[in-house]
Every structure is written in structure tokens, then in C-alpha cells.
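Here the structure comes first, spelled out in C-alpha cells, and everything after it is commentary.
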Amino acid sequence: MEAAPDIHILRLLAGFGLLLIPVGLSLLVRLGIIGQLMISVGRMTGQLFLMSIVLIYLFRWDNPLINIAWVIVMIFFACLSAMVNSKLSFRSFFVPVFLAYFVGAGFVLLFFNKIIVNHENIFTARLLVVIGGMLLGNSLNSAIIGISHYYESIRKDNKRYLYLLSLGATQNEALLPFFRDAMLAALKPFMANMATMGLVSLPGMMTGQILGGAAPETAIKYQIAILLAIFTAVTISVSLSIYFTSRRAFNAYGVLKKDFFKS
Amino acid sequence: MLTILYQSVFLQKTVLKITAEFYRMIELQNISLQLNDRKLFDKLSVEVPAGGRLLILGGSGSGKTTLLRMLLGFVLPDSGKILIDGEELTLENVWSLRQKMAYVSQEMQIGRGKAETFIKEVFKFRNNRKISYDRSKVLSLLEDFQLNSGTLDKDLEEISGGELQRFAIIVTLLLDRKIYLMDEATSALDEPLKKLIVSYFDNMDNKTLIISSHDNVWHKQNYSILNLEEHGSST
């Protein structure tokens, strides 16, 4: 199968012409999104353009150490953007979440490249950087949902926690129901998404590969494997993030510290 | 029970003494606590003998809940001592002292899943393994509190507020604690059920009871009263 034809830069500009429709609607009913839209589209274009330059060089050098360093940079920025959008205090959470992600996504990424794809060079840019990016982009939000859910529900449902402690639960026993709820909050939407995969949406990775000239049967195998990998990465990172933060989140009396949240 | 109430001439300074030749189950000694720039307690001293009953009154924000949580070691006083069953509450014994207390609060979401599964899980807690799960005891308590046995099969999230409060009390009764801390625990119940709970606890004179409630049903002769609103006390 032949690869997708390149898009001429002028024709891509024509693509921006499509935006006249949402802009027109915004003017008509005063949605007030034009300024924000311009910023978002500008950032998207600029970031992707930069990314393509980075990828060109990463592929050209294809140096394992540089590739690994780049994955770490991606984890760093993924954590950064996810933390900004959560209610958790940056200072208390950034390092544990980063470490949890490093271990969780790192393990799954290596497993994917070595065991599933069985490539002779598991640190090659095409696998490490691209699959790593897929894994991070699709799992970090679920993971942050899980971690936030855990701490916010302990804070909100404080009476339930205290009740369980007063019923003789050890701290871990009293926290277990909250851990369960947090895991469900992180994993359930993803499970629902998996169940309708292919029926209501054609997943991005598969579409990309088919456009890139891969046979559909190869593309679906990658797609299945990446979904399993993302699901597992979320599971590991949420569990580890909670494990790494739990020790410091409570005082010796078992009470959740207030400074674990943004103001 | 002989009750001597002493109101200090200084505002915010409360000393409530239930003097009797009883063993002191709970003792607050000169407790002071400031929360969010507000002085909640200033050298508050309270003694409750074993089997005694204390009713805490006061509007919202007066510190009723905080006081109960302080006994459980969830809120620490700025100064002063808390003694439970003769032991001063410290970091070393807070987890074991909690085993002597039961705490039921209002509008409490206690968990998910089947009610009976919840009770079984509580009995599986490491500290409760010595107590065995006795279904007949559960059924008889359900009957005492006018809940039918079908409640055990219900999902905790589908049980009404009034049923849940009674269920939460039943679970604590199964653990047979010495001290019961009830924070507006009868608020979601109708009058006959409130009375039912009060009379149930009246029959357990070996239990020490500390209650915060707006419900008149708890206003009884044998209850000592601590009114946080007045920073003093009255009967």
C-alpha cells in the first residue's frame, strides 16, 4: 500500500479556510471564542511544527540516549500540563507523579517495544518517541483524574474516612475504598471507550498508520496493543502516584494535610 | 447524677464538671483551640464519668463537631490535655484509643456496595478479627431500630438518609465500644425514631455517650449539658 501523499503548504492554508465557518458562527451568535480560538490554533500549529523539526532530528540521529532523554522531557511536560489543570498542590505532587509515570509508562513502553513489537532496537526513535508520545498523551489525563479523585474524595467524604477509622480500620484499610473509587474513576471511561472502539470512532494511531501506508491488519494489531498498553500504564501510574504521595499526605494521626491542595 | 456547673466570669472560659465518685472516662483539661483565626475553645475543661451522658449544644460553627473529632484525635488542640479511659491521648496511643470509641455523624456516606458486605468488611479489619460476625445479632439490631432484614441486601448508596444513619449506628453497636460519639446522628430521623434511638442508648448505662444534637429528644434529666454558644454552661 502506498503512503499518503504530502499536503502542499498552500493547500494546508486552505485547510485554515475551514475556520471561517466557526468564526462566522461565533460572530453571528456572539460565542466570544475568536480570540481564544486564534491562540489555540496558533499554539497547535507552532507546537506541531516544532515537533516535526524535533522528530526529523531525532530520526536522523536516532541515538538511544537522546531518545530516552526526549521521553523524559515528554513525561515532564505531560505532568506539568496535567498538574496545572488539577486541584492538587504542585509542590507536593509533581515529583511523585513524575516518578510514578516514569516507572509506569517506562515499563509499559519497554514491554511494548521488546515483547509485543519485538524490535531489535527498542530505543529507536520510531518506537520509543512515537509510542511513548501515544502512551503519555492518552494516559496522563486518566491518571490525573484518578489521583485527584482519590484526594478530593477523602477531603470531601471526610466523614466516611473518619467513620471507617473509628470502626477500627487501620489507615490503609480506611483508605482502600477511596483507592477503589479512584481506580474506577480513572479506568471506567477508558473501558467504555475500548468497548465502542471501531464502531463510533476510528482510533488515531490506526488511522495514521493506514494513511502512512501500513496494511489495515498491521494497523489494528498496533492499535489493540497500544490500547492495552495505555490501560496498563494508567493502572500502574495511578497506583504508584497514590502510593508515593500517601505517606506524606497524612499526618501521624491519620489526618489528610491541607497543604496537599492548591490554596 | 450530681452535677455542678461552674461558669467562669471570663467569657470564653468554660469549666464544666460532672463531679461524682465515678471513674472518669473522658477528660478535657484546659483545651484551647483556634481555627481559621477564630478562638473556638479557651481553656475548656470537661469531665465525663464512665456511663455518663453529655449533650453538646451550640449553633453551627460553634465547635461541636470539632470537639468530637478532637476526642478521636482527628483535630489536635493548641494546648491542653485529652484523657480517654485514663490515658492521655498521644501519637503513640491514638490508634488504640480510637478502638474504644464509636463515631457516628450526620449525612454520612459510609461506602458502596451491599450493606451486609460492608459489615463483613468491617469485621475483616485487622483490629476487629477477634470479634466474629454474628448475623443473628445484626438481624436483631435491625429489628430494634425498625429496619427490615432486606436492608442487608440493599446497596448503601440507595438506602435513604434515615435508614443509613440507623445502619451506621448498628455497625458501631456490633463492635461494642465503650464510648459513643454522636454528631447530629439522629438528625435525619422522624420523631418516633429519634425517641427509639434515645431510649435504646438509655438502656445501655455502661456506655459513655457524648452527643451533639439540635434534637429536643436528647434533652433529658440525666444528661449534662455543655453549651458552646454561650461559652458557658447551663442545665
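What follows is calculated from the coordinates using simple rules that are stated; it is not laboratory data. Because the structure is predicted, anything quoted here is derived from the model rather than measured. Here Cβ is always computed from backbone atoms with ideal geometry, including for glycine, and neighbour counts include all displayed protein chains.
What do you get for the angle between helix A:171-195 and the principal long axis of chain A? Use alpha-carbon atoms, 0 to 90 degrees, nearest ten.
Long axis of A:171-195 versus the principal axis of chain A: about 20 degrees.
Just need the relative contact order of the range B:26-86 here, percent rounded to a whole number, with Cα pairs under 8 Å and 6+ apart.
Once normalised by length, the contact order is 46 percent.
Kindly provide the GluC sites (Glu not before Pro) of the range B:176-235 that DSSP labels as loop, not H, G, I, E or B, and whose Cβ sees at most 16 other Cβ atoms within 10 Å.
Here the GluC sites (Glu not before Pro) that fit, given the DSSP loop and packing criteria, are B:E229, B:E230.
Please return the longest stretch of chain A lacking exposed loop sites, where trypsin sites (Lys or Arg not before Pro) count only if DSSP places them in a loop and at most 14 other Cβ atoms lie within 10 Å.
Counting at most 14 other Cβ atoms within 10 Å as exposed, the longest clean stretch of chain A is A:88-256.
Taking the 0 to 90 degree range and rounding to the nearest ten, how far is the long axis of helix A:34-61 tilted relative to the main principal axis of chain A, both from C-alpha atoms?
Once rounded, one gets 80 degrees.
Once phi is turned into ³J(HN,Hα) by the Karplus curve 6.51 cos²θ - 1.76 cosθ + 1.60 with θ = phi - 60°, what whole-Hz value does each residue of the range A:10-26 show in order, with x for glycine and proline?
5, 6, 5, 4, 4, x, 4, x, 4, 5, 4, 5, x, 5, x, 5, 4
If you project the alpha carbons of the protein assembly as shown onto their three principal axes, what span does each projection cover, largest first, in Å?
Principal axes ranked by extent give 95, 52, 50 Å for the Cα atoms.
Let me check against my output: what whole-number percent is the relative contact order of the range A:62-260, with C-alpha pairs under 8 Å and at least 6 apart?
Normalised by residue count, the contact order of the range A:62-260 is 33 percent.
What are the ³J(HN,Hα) couplings of the range A:97-103, residue after residue, when phi is run through the Karplus curve with 6.51, -1.76, 1.60 and θ = phi - 60°? Round to Hz, x for glycine and proline.
5, 4, 5, 4, 5, 4, 6
Could you check which residue among B:G162, B:G150, B:G51 shows the biggest mean-square fluctuation in a GNM of chain B with a 10 Å Cα cutoff?
Of B:G162, B:G150, B:G51, the Gaussian network model singles out B:G150 as fluctuating most.
Hey, what did the range A:19-148 get for relative contact order, percent, Cα under 8 Å, at least 6 apart?
Working: 72 pairs, mean separation 39.2, N = 130.
Worked out over the range A:19-148, it gives 30 percent.
Could you work out how far apart the two model spin labels at A:Q36 and B:K120 are, taking each label as a point 7 Å from the Cα in the direction of the beta carbon, and quote it in nm?
Distance between label points: 4.9 nm.
Dipole magnitude of the range B:91-144 about its Cα centre, charges +1 at Lys/Arg Cβ and -1 at Asp/Glu Cβ only, in debye to the nearest 20?
Working: 11 positive and 7 negative charges, 70 e Å.
I would put it at about 340 debye.
Just give me a number: lysine pairs in the range A:119-263, eight or more positions apart or cross-chain, with C-alpha atoms less than 17 Å apart.
5
What does the convex hull of the Cα atoms of chain B come to per residue, in Å³, rounded to a whole number?
Working: hull volume 30.1 nm³, N = 235.
Value for chain B: 128 Å³ per residue.
Given DSSP loops and a limit of at most 12 other Cβ atoms within 10 Å, what is the longest stretch of chain A that contains no such GluC sites (Glu not before Pro)?
The answer is A:121-263.
May I ask you to compute the full-extension gain from A:D6 to A:F90, defined as 0.36 nm times their residue separation minus their alpha-carbon distance, rounded to one decimal in nm?
Computed gain between A:D6 and A:F90 is 26.0 nm.
Relative to the Cα centre, what is the charge dipole magnitude of chain B, using +1 at the beta carbon of each Lys and Arg, -1 at the beta carbon of each Asp and Glu, and rounding to the nearest 20 debye?
540
What helices does chain B have that are whole DSSP H segments, at least 24 Å long along their own axis by Cα, and with mean Kyte-Doolittle hydropathy of 1.0 or more?
Membrane-span-like by this criterion, though nothing is claimed about a membrane: none.
How far apart, in nm, are two points set 7 Å out from the Cα along the Cα-to-Cβ line at A:N63 and at A:V23?
Modelled inter-label distance: 4.3 nm.
For helix A:216-249, report the angle its Cα long axis makes with the longest principal axis of the Cα atoms of chain A; keep it between 0 and 90° and round to the nearest 10°.
The helix A:216-249 is inclined about 30 degrees to chain A.
Taking the C-alpha atoms of the range A:177-240, how large are the radius of gyration and the largest Cα-Cα span, Dmax, in Å?
My reading of the Cα-based Rg and Dmax gives 14.1, 47 Å.
Here are some pairs, B:K64/B:K207; B:K81/B:K124; B:K43/B:K220; B:K114/B:K207; which of them have Cα atoms lying more than 25 Å apart in this structure?
On the way: B:K64/B:K207 20 Å; B:K81/B:K124 33 Å; B:K43/B:K220 27 Å; B:K114/B:K207 29 Å.
Checking Cα-Cα distances, B:K81/B:K124; B:K43/B:K220; B:K114/B:K207 exceed 25 Å.
Given R₀ = 30 Å, what would the calculated FRET efficiency be for A:H119 paired with A:Y243, taking r from the Cβ atoms and rounding to 0.05?
0.45
Using modelled backbone amide H atoms (1.01 Å from N, in-plane), which distant-in-sequence or interchain residues come within less than 5 Å of A:S89's amide H?
Result for A:S89 returns A:F261, A:K262.
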